[in-house]
Amino acid sequence: MTRNLFLLSCLLSCFVSIHNADGQTDNSAWQIVGQNINPATYYGITVANGMIGLVSSPEPMKVKDVVLNGAFDTYGRGRVSNILKVFNFANMNLEVDGQRIGAKDINDYRQTLDMQKAALTTTFNYKDKVSVKQTMLALRHLPFSELTMVEITARKDCEISPMSVIETPENLREVKNFYSEIDRSHVTIRLLTSVAKSPTGRHTVAASTSFIFEEPHGQEPDVIHEDWDYNMHLAKFKKRLKAGETYRFSVVGSVSSTAHTADPHNEAERLTLFAALERTERLLMRHNAEWTKLWQSDIIIDGDPDAQRAVRSALYHLYSFVREGTGYSLSPMGLSGLGYNGHVFWDTELWMYPPILVLKPEMAKSILEYRFERMPMARQNAFSHGYAGVMFPWESDADGQEATPVWALTGPFQHHITGCVGWAFWKYFEVTKDKEWLRTRGYPMLKEVADFWSSRVEREGPGKFHINNVIGANEWQENIDDNAFTNGMAKTSLYYAIQAAQDLGIVPNPDWKVVADNIPILKFPDGVTKENRTYDGVMIKQADVNLLSYPLRIVNDENAVRKDLSYYESRYSPEGPAMGWSVLSTLHARLNEPEKAYDWFVKSYKPNEVPPFGVLAETAGGTNPYFATGAGGMLQAVLNGFGGIDINEKGISQLKTKLPSKWKSLTIKGVGPDKKTIVVK
């Protein structure tokens with residue numbers, strides 16, 4: 001096969017052919033189409049690779065945001081460290097017969113995300129002159145690089161002038177723009193590069209792009225560099241097309257910072273050079289191969305196309321926002337923007353991590369490594385508050401320090417997060433049975449989590465070890481005593497520390513059991529679990545008590561589970577976040593009440609979808625997508641609820657569950673280290 005034929009084959013594969021896990025053509029199961037695109041009500045969809053996130057725009061050939069994982073500086077909201085908005089190096093302009101096209105000049109604007117290949121394709125027509133197809137990918141095998149493929153078809157004779165643009169956001173300073181050409185006997189590489197300082201000067205950030213042309217060396221178009229005001233420069237070329245002629249080219253770009261390498265300027269250019277010389281077909285081949293591996297772990301729902309789309313979208317986003325081997329974690333908004341400043345909360349361990357652990361243990365390991373590497377800062381945080389062990393921050397930044405704005409009391413008081421970290425570490429061992437990891441990572445973490453709780457309790461005598469002055473999962477009640485979820489997670493992580501020590505042949509600290517046995521779970525007179533010592537039935541923000549039944553096992557008697565559900569379901573505020581509804585779905589599914597579970601499952605995502613792609617906002621009617629926390633909760637409703645997947649001392653097992661009447665079957669592929677397939681009918 002000649003090179004051009006091979007390239008055409010790859011392009012057609014990316015643009016057209018979409019297959020489901022069984023090899024059958026099924027576009028609807030893998031595609032998310034932007035319907036009725038209106039810039040006034042547009043919430044973009046993200047292509048990401050665990051390191052860079054590119055958020056779509058309603059403007060033709062534009063990208064709204066570029067997010068770089070791991071790069072933080074102090075600027076903006078709250079006087080705390082925020083994730084950096086970096087160079088927009090994926091933007092393009094297009095002139096046709098000397099006229100710059102814009103949103104008002106085009107028609108038939110359509111955007112489609114192919115989740116199977118993590119490729120966003122945009123198509124539109126400009127007057128009666130050209131049809132444009134643009135496909136954008138955050139390359140999965142090259143974590144700091146993206147690829148944009150462009151196909152322009154002339155509808156009449158015309159001259160086109162495409163432009164690769166690098167724009168600098170307002171937060172970057174001391175911007176320097178560069179253009180260079182590296183000429184070799186077989187190829188000329190043209191590098192467009194920008195370098196700048198982060199707001200405080202803590203980091204240097206760099207981005208670089210290059211065209212990839214299909215023409216033989218020496219026949220490529222001449223490229224012109226233009227340096228504009230307002231921190232923007234571009235590289236462009238001209239091409240005359242005859243009616244019916246199609247012209248194809250690509251742009252590859254890379255971004256880096258001193259959070260990742262000592263010399264981001266040279267690194268960004270080297271990565272772009274590498275990608276440019278790999279050429280489009282090889283980049284596509286390797287990118288698609290990596291996503292094929294990811295989709296070996298998939299969820300297939302037969303009988304409910306809308307649920308299938310929503311569930312696969314949730315999986316796609318979690319897979320996009322994290323990658324193995326990085327030591328990076330997940331923010332509530334993933335890499336879809338700058339929401340929550342890019343900080344890491346309990347959202348990771350309790351909501352997003354469990355489905356990843358079930359389907360991608362290797363990714364889950366990377367999430368845990370983030371916490372392990374930041375133990376020294378957590379140890380300092382405990383010391384500063386008068387406690388032993390580790391005290392993880394409510395909002396963690398790149399350094400693992402407390403990054404909650406001072407006006408938010410969750411920072412110093414939402415202590416259950418430390419238990420969530422310990423819980424997540426033990427669950428990884430239960431799934432993988434990796435004794436060496438337990439010895440070097442799991443037990444060192446659990447030991448210090450247990451030491452924290454032993455120092456945190458207030459001891460008033462047998463059965464009266466209290467955890468006072470906290471904020472629980474229901475953040476609307478502040479500075480309360482003996483919160484149900486906090487106490488439950490403390491007890492659970494203490495018992496897990498004991499078990500971890502015993503599995504390694506280590507004698508556990510006897511005080512851990514004394515503390516765990518004496519932390520109370522309060523009850524109302526009728527036996528309903530009481531959310532905290534002074535709780536009087538007010539509306540709650542999100543799940544708290546019900547978390548003691550799932551994912552914890554503290555309230556596990558069926559009658560008690562039902563009693564708590566009956567009491568608290570009516571007290572969930574409609575303004576609460578999506579994951580509150582998903583835990584109700586999971587519990588009803590485990591009680592073999594599939595229709596009730598289905599109603600809560602739908603409520604966990606459907607009211608939160610925003611146009612035009614149905615990406616998830618945090619709350620119904622919200623405007624801050626993509627809420628990866630909600631995606632994690634919704635996936636737990638499917639995996640651990642309807643699918644009956646349970647993680648316990650035996651590893652991954654399956655409870656007997658029933659499907660809602662609308663679903664014909666549920667197939668979960670690639671479960672656990674053995675990549676098993678689970679089917680429920």
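General observations
- Cα-based equivalent ellipsoid of region 348-470: semi-axis lengths in Å, sorted from largest, via gyration tensor: 25, 18, 13
- Taking the Cα centre of the chain as origin and assigning +1 to Lys and Arg Cβ atoms and -1 to Asp and Glu Cβ atoms, the resulting dipole is close to 1020 debye.
- The calculated FRET efficiency for Asp302 paired with Met539, based on their beta-carbon distance and R0 = 41 Å, is about 0.60.
- Net length gained if the chain between Ala620 and Asn107 were fully extended (0.36 nm per residue, minus Cα distance): 181.6 nm
- Positive-end extreme of charge dipole, the chain - chosen from Thr122, Ala560, Pro305 (charges on Cβ): Pro305
- Label separation (Glu226 vs Glu478): 5.2 nm, computed from points 7 Å beyond Cα along the C-beta direction.
- Under Karplus coefficients 6.51, -1.76 and 1.60, residue-wise ³J(HN,Hα) of region 384-393 in Hz, glycine/proline x: 5, 9, x, 10, 9, x, 10, 10, 6, x
- Rounded to the nearest 20 debye, dipole of region 518-606 from Cβ charges on Lys, Arg, Asp, Glu: 140
- In summary, region 522-681 shows an alpha-carbon radius of gyration equal to 1.07 times the 2.2 N^0.38 Å reference for compact globular proteins.
- With 20 Å bins from 0: P(r) over the chain, alpha-carbon pairs, percent: 18, 50, 27, 5, 0
- Applying the criteria of a DSSP loop state and at most 13 other Cβ atoms within 10 Å to the trypsin sites (Lys or Arg not before Pro) of region 149-222 yields Lys156, Arg184.
- Backbone HN-Hα couplings from phi across region 448-464 [Karplus 6.51/-1.76/1.60, Hz, Gly and Pro as x]: 6, 5, 5, 4, 4, 5, 5, 8, 7, 5, 10, 9, 10, x, x, x, 10
- Rounded FRET efficiency, nearest 0.05, which uses the C-beta distance separating Val33 from Asn592 and R0 of 25 Å: 0.10
- Residues whose amide H comes within less than 5 Å of that of Ala473, counting only those at least five positions distant or on another chain, are Phe485, Thr486 (H built at 1.01 Å from N in the peptide plane).
- Alpha-carbon gyration tensor eigenvalues x 5, square-rooted, for region 31-292, Å: 28, 22, 18
- You can think of it this way: the chain between Gln401 and Glu362 has 11.5 nm of extra reach, that is 0.36 nm per residue less the Cα-Cα gap.
- Region 588-681: projected area of the alpha-carbon convex hull, averaged over directions, in nm²: 6.9
- Derived scalar couplings ³J(HN,Hα) [region 192-207; Karplus, 6.51 cos²θ - 1.76 cosθ + 1.60; whole Hz; x for Gly, Pro]: 9, 9, 10, 9, 7, 9, 5, x, 8, x, 4, 10, 9, 10, 9, 9
- Residue-averaged 222 nm ellipticity for the chain, from DSSP H runs of 4+ at -39500 (n - 2.57), nearest 500: -9500 deg cm²/dmol
- Region 226-246 residues near the modelled Asp183 label - backbone nitrogen below 20 Å, point 7 Å along Cα→Cβ: 226, 235-238
- Over the Cα atoms of region 132-214, the radius of gyration divided by the Kirkwood radius equals 1.04; this is the Rg/Rh ratio.
- Value of relative contact order over region 384-504, rounded to a whole percent, pairs C-alpha under 8 Å and six or more apart: 28
- Estimated at 0.36 nm per residue, the fully extended path between His385 and Asp599 surpasses their Cα-Cα distance by 72.7 nm.
- The H on the amide N of Ala119, modeled in the peptide plane, is under 5 Å from the matching H of Asp114, each at least 5 residues off or on a different chain.
- Cβ-placed point charges (K, R +1; D, E -1), dipole of region 121-257 about Cα centre in debye, nearest 20: 280
Every number in this text was worked out from the coordinates using simple rules, so none of it is lab data. What you are looking at is a predicted structure, and each value in this text was computed from that prediction instead of being measured. Neighbour counts are summed over all protein chains in view; Cβ atoms, including those assigned to glycine, are modelled from backbone coordinates with ideal geometry.
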